[in-house]
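First up is the structure itself, then whatever we jot down about it.
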Ligand code: SF4
């Protein structure tokens, strides 16, 4: 249960999980509410996130503190769908959906996950397993440790930096 584990002390969101698999420094900056460069509209964090969380349908469903894009039944099982614009950050998307599945499970709802990439005509299934849950817990524990650090992890140049709202902050000297 959330709250029973020390690792859950700092509230973790699906967005935190998504960023964790991209950049640990970004997780730290966001959790410490360091405002990204507001001047540069093209790098606006909110806009970037909404692009990544491409929604075709406005029929979202809120359960607790999670928002689900689509929900359907298949052979008597609940299937939770998450629509994404691109499959580029597949690991992040999978682990974020797994986090939702795990949350639902803690509420007594057993569901299967489905990542939908309409522009790529692609679909990826995500299933809750003990192994996946362990990986998720390790990630959550690591996020907790990252957030507790007194300074952010050093920046590492990755492809994502080019679109990141913190680009100026991390690479101002370059
Ligand atoms: S600019 Fe790069 S290193 Fe800095 S927070 Fe963004 S992704 Fe991480």
With label points set 7 Å from each Cα along the Cα-to-Cβ direction at residue 150 and residue 15, the distance between them in nm comes to 2.8 nm
In nanometres, the difference between 0.36 nm per residue of separation and the alpha-carbon distance of residue 73 and residue 121 is 15.2 nm
Between residue 138 and residue 88, Cβ-based FRET efficiency (R0 22 Å, step 0.05) works out to 0.40
By Cβ neighbour count within 10 Å, fewest first, 120, 130 rank 130, 120
When 148, 121, 25 are arranged by how many other beta-carbons sit within 10 Å of their Cβ, fewest first, they go 121, 148, 25
Cβ density ranking, 10 Å radius, fewest first, applied to 98, 116 yields 116, 98
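Quick note: the coordinates plus some simple rules give every number you see, no bench work behind them. Note that the structure is a prediction, hence the values are computed from the model and not measured. Neighbour counts are summed over all protein chains in view; Cβ atoms, including those assigned to glycine, are modelled from backbone coordinates with ideal geometry.
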